[in-house]
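**Q** Got a structure for you, written out below as structure tokens; questions coming shortly.
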Amino acid sequence: NNWERFDEGNFSGPIRAVVPFNGKIYATGPTGVYRLGNGNWIQEAFLDTLAIQSLNHSTENLLMITDSTIWIMNLSGEISQLKDDLIKAPAVVQQDGAGNFWVGDRASGLVSDTGGTFTSYLPNGPSVAAVRRMVYDQGKLFVVSGGFSPSGEPLKNPPELNIFENGNWSTVLQGVPDLTDIAFHDNKIYLSSFGSGLLVTDGTGNSTILDETNSPLRHAEPGKSNIAALAPSADGLWVANFGGSQPLHLLKSDGSWDSFSFGFANEKNPTDIIIDGDGNVWTALHPASGGGLMVWERSSNQGYYKTDVAGSGNLPDKNIHSFTVDRDGYIWIGTDAGIAYFFSPEADAIKPVFENRFLLRDEKITALEVDGGNRKWIGTEEGVWLFNPTGEVLVRHFTSENSPLLSNIIRDIEIHTLTGEVFFATDKGIISYRGDAVTAGAEFTEVKIFPNPVIPGFSGTVGITGLSESASVKITDISGKLVWQTQANGGMATWHVRDHQGRRAATGIYLVFAIGEDGRESVVGKIAVVE
């Protein structure tokens, strides 16, 4: 019934672990490992300057992790490293009764030498549930999971870039932590970090870090280069520099920089950036600094500050969490109190009306994305909404209650432009939905119909891709009788395998006719239905 407290000196702060080993008690301190002896904690001479991230034990070894290295101390007190190419970012390590090691690795998943050599048991998914941004490019979905707190401090998330390609996920460790964005420009890959600047990788794999030592990417506090977002353009790569006296930078193809500031009180803390079709730069500003929207108009070289005041922006709210450019060139803005859009930098925002009130007036808009049919996918903390191009007609509303959506809290939305697949990043992970809109051109391309044939028991929709922009589609039976008619969303149309009365299509061959904007009609394919 007697307790003794150890809470002074090096033990006055948090203790990550306490373990028994070889008849002694070991614990972590601010740095190094401590051993209990005669009622006092004595720091061991090994690893004394390193922070111990994890401490564990087996009957044979004391197991320690420092940053990205696993250390082992045996019963004789000898120190060695546990090394393998699969051990890249270890988080925890154990040793079983047979002497096999089991490593929980942030990059390689579960790693073990139980079969003689180390093997990775990696689930097919991203390495983290938290997502800041998804970017689709080069046939791949790239996911970054860094960021910053509401007070503007780095989250200190590991330097992991998750990549989804051909149905498989992989994790690649980068040279900087807290990744906030990724961009592809001039045959180079750019990764922004909140704290460590801009990581640039060329086509040969060589990397360079641009920060306050070799670029204008600076913070008010020395030693920081907080980059919140990136946006490639015809002029170069635009960079949102959080906490700098010049919040907006343009990295040009020749390696030179242009830097901008406009004299607005809260312009120093940009959180996101997009470029419209005229080359104008739209920047969202941190809510804790006053929020709002900063716009640089390229043609006039003039800056505008948009707020929730009529005549000065007329936003639904100054707290902006998302924005995007639609296929008509309008800038759609998601705020704490609904949605609005701008058609030019000089104008006030327009608030769409849905069901006799401003669109999603009481919702916090966390994500915005435009599909191939110019429809608006809208993420909130109450699920996902899909509206028509003007935001006046609701098409779908997904929640975790009426769909497989992992959570109602949406962090980001990204769309595979060729297939229409829509990816939703939630606070519990990523899930995708096979959308019914893809990006289209002015002419028909290679038309694909899937699935084809439609087999018994199929309850989904048939997709028809490769159509021209907003083409009209007719489906008839082999005698020419009209069964279904619709219009493509961008370059994709869908058929629910039913006629206009809702009756299931009978077994047979059905013809697909498409009519482009020029009025020309052509047979683009056939669908076989088997019931």
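**Q** Of the heavy-atom accessible surface of the stretch 238-298 (probe 1.4 angstrom), what whole percent is carbon and sulfur? Kindly include the intermediate steps, with their values, before the conclusion.
**A** Values: 840 of 1980 Å².
C and S atoms contribute 43 percent here.
**Q** A follow-up question, please. At a 10 angstrom cut-off on C-beta neighbours, averaged per residue, how do the peptides 255-265, 167-177 rank from highest to lowest?
**A** 167-177, 255-265
**Q** Let me ask something else about it. Inverting the mean 1/r over all pairs of different Cα atoms, compute the Kirkwood radius of the stretch 321-393 and quote it in Å.
**A** After inverting the pairwise mean of 1/r, the radius is 12.0 Å.
**Q** In terms of Cα to Cα distance under 18 Å, which lysines are near enough to LYS88, apart from those fewer than 8 places away along the same chain?
**A** LYS88 reaches LYS156.
**Q** If packing is taken as the average count of other Cβ atoms within 10 Å, what order do 359-368, 12-21, 211-220 fall into, highest mean first?
**A** Most protected by this proxy first, the peptides run 359-368, 211-220, 12-21.
**Q** Another one. Could you tell me the relative contact order of the stretch 47-152? Use alpha-carbon pairs under 8 Å, at least six residues apart, and round to a whole percent.
**A** Answer for the stretch 47-152 is 14 percent.
**Q** When the accessible area of the stretch 405-531 is computed with all protein chains present and a 1.4 Å probe, what percentage of it is carbon and sulfur?
**A** On the way: 3210 of 6130 Å².
Here carbon and sulfur together make up 52 percent of the probe-accessible area.
**Q** Give the span of the stretch 21-101's Cα atoms along each principal axis, as three whole-Å numbers ordered largest to smallest.
**A** 40, 28, 18
**Q** Report, ordered by chain and residue number, the lysines lying within cross-link reach of LYS448, taken as a straight Cα distance under 22 Å and ignoring same-chain residues fewer than 8 apart.
**A** LYS140, LYS474, LYS526
**Q** How charged is the neighbourhood of ILE431? Take every other residue with its Cβ under 13 Å from the Cβ of ILE431, and add Lys/Arg as +1 and Asp/Glu as -1.
**A** -1
**Q** What percent does the relative contact order of the chain come to when contacts are Cα pairs within less than 8 Å and at least six residues apart?
**A** Numbers: 1391 pairs, mean separation 28.2, N = 531.
Dividing the mean separation by the residue count of the chain yields 5 percent.
**Q** Rank GLY175, PRO404, ALA437 by how far each Cα sits towards the positive end of the charge dipole of the chain (+1 on Lys, Arg Cβ; -1 on Asp, Glu Cβ) and give me just the farthest.
**A** Checking the options against the dipole of the chain, the answer is PRO404.
**Q** Over all directions, the average projected area of the alpha-carbon convex hull for the stretch 380-531 comes to how many nm²?
**A** Average projection, Cα convex hull of the stretch 380-531: 10.0 nm².
**Q** Please list 3J(HN,Hα) in residue order for the stretch 485-501, calculated via the Karplus relation 6.51 cos²θ - 1.76 cosθ + 1.60 where θ = phi - 60°; whole Hz, with x for glycine and proline.
**A** Here the 3J(HN,Hα) series is 9, 7, 10, 5, 8, x, x, 9, 10, 10, 9, 8, 6, 9, 8, 5, 8 Hz.
**Q** By the scheme Lys and Arg +1, Asp and Glu -1, what is the net charge of all other residues having a beta-carbon under 12 Å from that of ASP477? Can you show the working numbers first?
**A** Numbers: positive: LYS474, LYS481, LYS526; negative: ASP499.
Net charge around ASP477: +2.
**Q** Measuring with a 1.4 Å probe in the full set of protein chains, what accessible area per residue, in whole Å², belongs to the stretch 1-77?
**A** 60 Å²
**Q** On to the next question. Translational diffusion coefficient, Stokes-Einstein: compute it for the chain using the Kirkwood radius over C-alpha pairs as Rh, at 20 °C and 1.002 mPa s, and state it as an integer in µm² s⁻¹.
**A** 81 µm²/s
**Q** Restricting to Cα pairs below 8 Å that are 6+ residues apart, what does the relative contact order work out to for the stretch 319-443? Please round to a whole percent.
**A** Taking the mean separation of contacting Cα pairs over the length of the stretch 319-443, I get 17 percent.
**Q** Residue separation times 0.36 nm, minus the C-alpha to C-alpha distance between VAL530 and ASN168: what's the value? Working shown, then result.
**A** Working: separation 362, 0.36 × 362 = 130.32 nm, distance 3.21 nm.
Here the segment from VAL530 to ASN168 would lengthen by 127.1 nm.
**Q** Any lysines with Cα under 18 Å of the LYS268 Cα? List them, leaving off those in the same chain fewer than 8 positions away.
**A** LYS224, LYS306, LYS318
**Q** Would you please put 476-488, 57-69 in order of how densely packed they are, using the mean number of other Cβ atoms within 10 angstrom per residue and starting with the highest? Before the final figure, lay out each step's value.
**A** On the way: 476-488: 14.2, 57-69: 18.4.
In decreasing order of mean packing, 476-488, 57-69 become 57-69, 476-488.
**Q** Less than 11 Å Cβ to Cβ from TYR510, Lys/Arg counted +1 and Asp/Glu -1: what total charge do the surrounding residues give?
**A** Local charge sum for TYR510: +1.
**Q** Expressed as a fraction of 2.2 N^0.38 Å, the rule-of-thumb size for a compact globular protein of N residues, what is the C-alpha radius of gyration of the stretch 233-334?
**A** In units of the 2.2 N^0.38 Å rule of thumb, it is 1.02.
**Q** Using a Förster distance of 22 Å, how high is the FRET efficiency between GLN501 and ILE478, based on the Cβ-Cβ distance and rounded to 0.05?
**A** 0.70
The values are calculated or read from the model by the stated rules, or taken from the named source; none is laboratory data. Predicted model only: the values in this text are computed from it and were never measured. FYI the Cβ positions are ideal-geometry reconstructions off the backbone, even for glycines, and counts take in every protein chain you see. Note: areas computed on protein heavy atoms with side chains; ligands, DNA, RNA excluded. Shrake-Rupley method; radii C 1.70, N 1.55, O 1.52, S 1.80 Å.
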